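These notes are about the structure you will find just below.
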């Protein structure tokens, strides 16, 4: 019985490990955006903004684009249009110079 609690706590602490390589969402910028990090304040759907691209890619491609309103760490807010619906409000994102947008 004395070992049950420490064993349980050890087991529980192992469940809280996070993979440092985990990426919650990834997309590519469809609009110009300054590189940096911040938090997604809100997201808007741009219906059929990529309709021509998705038609050439096949019927399963998403024809919509998604506008992320990001509160940047340096205090300003910027918008960036991305090609992925996997982003969520409140996620921390990094916008890279090459147009890659990653939530982590």
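The values are calculated or read from the model by the stated rules, or taken from the named source; none is laboratory data. Since we're looking at a predicted model, the values are computed, not measured. Because the Cβ atoms are built from the backbone with ideal geometry, glycine has one as well, and the counts that use them run over all protein chains shown.
Residues in the stretch 1-30 that are at pLDDT below 90 and in contact with a strand residue (DSSP E or B) (Cβ under 7 Å, 6 or more places away or on another chain) were compared, and the one that is nearest to residue 66 (Cα to Cα) is 24.
Within the stretch 64-77, is there a residue that is surrounded by 13 or more Cβ atoms within 10 Å (Cβ to Cβ), free of Cβ contacts under 8 Å to residues at least 24 places away in the same chain and over 15 Å from residue 41 (Cβ atoms)? Yes, the stretch 64-77 contains at least one residue that is surrounded by 13 or more Cβ atoms within 10 Å (Cβ to Cβ), free of Cβ contacts under 8 Å to residues at least 24 places away in the same chain and over 15 Å from residue 41 (Cβ atoms).
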